[in-house]
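Participant: Got a structure here, written out as structure tokens. Questions coming.
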Amino acid sequence: MLIENLGTTREKLLASLEGLTEEQLNAKPHTGGPSIGQIVHHLYASERETAAMVLDALQSRSGKVEEKDASLLAAGLQQGCDEEQATAERFTKAQLIRLLEESRFRDLQSVFNETHECVLAERSLEHPAFGRVSLKNLLDTIWIHDELHGKQIAAIRQSL
């Protein structure tokens, strides 16, 4: 289910970029906050960081912990994307798609090359913001995070 959810939400995220010009990708919303390009870059960076944490944790012998509500964890990650923390760089659509593919097919795929999905629920790590969480819980935050920011992107698109 994890892999299916990751795929579905990524497809929706990529579809949300269709038809946008470079100007629209980099335009700040009238209400303030990051541009669509900055949000997508944030998703790329978050996914890379999460994959790296999980790969590091797979090297240790951590135990199973009680599952947390991954949507609450992802909401905490979403709050980490505000205008002050967002990169000032301008992006082309091709760059953003390349970054998303890189984080998914290089970084995240490395996790699934190392272990099976069922093992992820049996292992945990100490997350700086969430405390001890299972690796599966942490990977679930990726697709939920994509979904939450996808809604934000849809709202920005409507205001353009």
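Just so you know, all these numbers are worked out from the coordinates, no wet-lab data involved. What you see is a predicted model, and the numbers here were worked out from it, not measured in a lab. In this analysis, Cβ positions are derived from the backbone assuming ideal geometry, glycine residues included, and neighbour counts consider all displayed protein chains.
Participant: Could you tell me which GluC sites (Glu not before Pro) in segment 80-160 are loop residues by DSSP with no more than 15 other beta carbons within 10 angstrom of their beta carbon?
Facilitator: Values: sites: GLU83, GLU84, GLU89, GLU101, GLU102, GLU114, GLU117, GLU122, GLU126, GLU147; in loops: GLU83, GLU84, GLU89, GLU122.
Qualifying residues, ordered by number: GLU83, GLU84, GLU89, GLU122.
Participant: Straight-line reach from LYS136: which lysines fall under 22 Å, measuring Cα to Cα and dropping same-chain residues less than 8 apart?
Facilitator: Within the straight-line limit of under 22 Å, LYS136 reaches these lysines: LYS12, LYS64, LYS68.
Participant: Same structure, new question: Reachable aspartates and glutamates from LYS28, Cα under 12 Å, same-chain residues fewer than 8 places away excluded?
Facilitator: Within the straight-line cut-off, LYS28 pairs with ASP82, GLU83.
Participant: About the Cα centre, and with charges only on the beta carbon of Lys, Arg (+1) and Asp, Glu (-1), how big is the dipole of the chain? Nearest 20 debye, please.
Facilitator: 60 debye
Participant: Multiply the residue separation of ARG106 and ALA121 by 0.36 nm, subtract the distance between their alpha-carbon atoms, and state the gained length in nm to one decimal.
Facilitator: Here the answer is 3.2 nm.
Participant: I've got another one for you. Compute the helix-to-body angle for 135-159: its Cα long axis versus the longest principal axis of the chain, expressed 0 to 90° and rounded to tens.
Facilitator: The two axes meet at around 10 degrees.
Participant: Please compute the length gained on full extension between ARG132 and LEU2, using 0.36 nm multiplied by the number of residues separating them and subtracting their Cα-Cα distance.
Facilitator: Numbers: separation 130, 0.36 × 130 = 46.80 nm, distance 1.97 nm.
Going from the current span to full extension adds 44.8 nm.
Participant: Just grab the label-to-label distance for GLU23 and SER60, each label 7 Å out from Cα along the Cβ direction, in nm (one decimal).
Facilitator: Here the answer is 5.0 nm between the modelled labels.
Participant: Also, quick follow-up: Starting at the first residue of segment 108-119, write each ³J(HN,Hα) from the Karplus equation 6.51 cos²θ - 1.76 cosθ + 1.60 with θ = phi - 60°, in whole Hz, x for Gly and Pro.
Facilitator: Coupling constants for segment 108-119: 5, 4, 4, 4, 6, 6, 7, 8, 8, 3, 5, 6 Hz.
Participant: If you don't mind, there's one more thing I want to ask. Around SER62, which amide H atoms from residues at least 5 apart in sequence, or from another chain, sit under 5 Å from its own amide H, with H modelled in the peptide plane?
Facilitator: SER124
Participant: Using modelled amide H (1.01 Å from N, peptide plane; none on Pro or chain starts), what sits under 5 Å from the amide H of HIS127, excluding residues fewer than 5 places away?
Facilitator: ARG132, VAL133
Participant: Here is a further query. Give me D for the chain in µm² s⁻¹, whole number, from Stokes-Einstein with Rh from the Kirkwood sum over alpha-carbon pairs, 25 °C and 0.890 mPa s. Intermediate values should be presented prior to the final figure.
Facilitator: On the way: Rh = 16.1 Å.
So the translational diffusion coefficient is about 152 µm²/s.
Participant: So how tilted is helix 93-102 from the main axis of the chain? Cα-based, degrees 0 to 90, rounded to 10.
Facilitator: Rounded to the nearest ten degrees, it is 0.
Participant: Another one. Which of ASP146, ASP69, ASP107 moves the most in a Gaussian network model of the chain with Cα springs under 10 Å?
Facilitator: Answer for the Gaussian network model of the chain: ASP69.
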